[in-house]
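Working notes for the structure below.
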Amino acid sequence: MSEELNITQSTEWTPDEVPQLTVDVYKQDDTIFVVSTVAGVNPQDLDISVENQTLSIKGMRRKPYDAPAGSVLLEECFWGEFYRELTINESLDVDNIKANLKQGVLKITIPIIVTKSQRKIEVSFE
């Protein structure tokens, strides 16, 4: 059974706004993983930041060619800016967040700061 993550997503986009990046979010032990396909995006065209508990992913998928003259018969590929914002309701270790881009897949690794809610207190004897 999967563990439910407490994540707040940004609102859906409308055609007049910047499209949202699709993501998969997983939690394993004390780490959250955010994974997305960003095929054709250069690392320098990605801007990933975190403020408080909000992760922002901005980017640009540049068209690698000039469209030939004539009528467009079918155009399904997405080119241009994209954006995604997730609020992760956990204590994030912001100094150790890492992002890796491999074969068009972006993987962001976010360590969680674990706070113990219970511990045994040793009594010292003098």
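Would it be correct to say that Glu75 is within 16 Å of the chain's Cα centre (by Cα) and charged (D, E, K, R)?
Answer is no for this residue.
From the list Leu46, Leu86, which one is in contact with a Leu (Cβ under 6 Å, 6 or more places away or on another chain) and under 19 Å from Val34 (Cβ atoms)?
Being in contact with a Leu (Cβ under 6 Å, 6 or more places away or on another chain) and under 19 Å from Val34 (Cβ atoms) holds for just one of Leu46, Leu86, which is Leu86.
One residue is enough: does region 79-91 have a residue meeting the conditions more than 18 Å from Tyr26 (Cβ to Cβ), surrounded by 11 or more Cβ atoms within 10 Å (Cβ to Cβ), over 16 Å from the mean Cα position of the chain (by Cα) and not small (Gly, Ala, Ser)?
Yes, the conditions are met somewhere in region 79-91.
If Leu74 passes every condition in (1) hydrophobic (A, V, I, L, M, F, W, C); (2) modelled with pLDDT of 90 or more; (3) surrounded by fewer than 10 Cβ atoms within 10 Å (Cβ to Cβ) but one, which one does it miss?
(2)
Just need a number here: residues in region 1-56 that are modelled with pLDDT under 90, surrounded by fewer than 11 Cβ atoms within 10 Å (Cβ to Cβ) and not acidic (Asp, Glu).
Summing the residues that are modelled with pLDDT under 90, surrounded by fewer than 11 Cβ atoms within 10 Å (Cβ to Cβ) and not acidic (Asp, Glu) in region 1-56 gives 7.
The values are calculated or read from the model by the stated rules, or taken from the named source; none is laboratory data. Predicted model only: the values in this text are computed from it and were never measured. In this analysis, Cβ positions are derived from the backbone assuming ideal geometry, glycine residues included, and neighbour counts consider all displayed protein chains.
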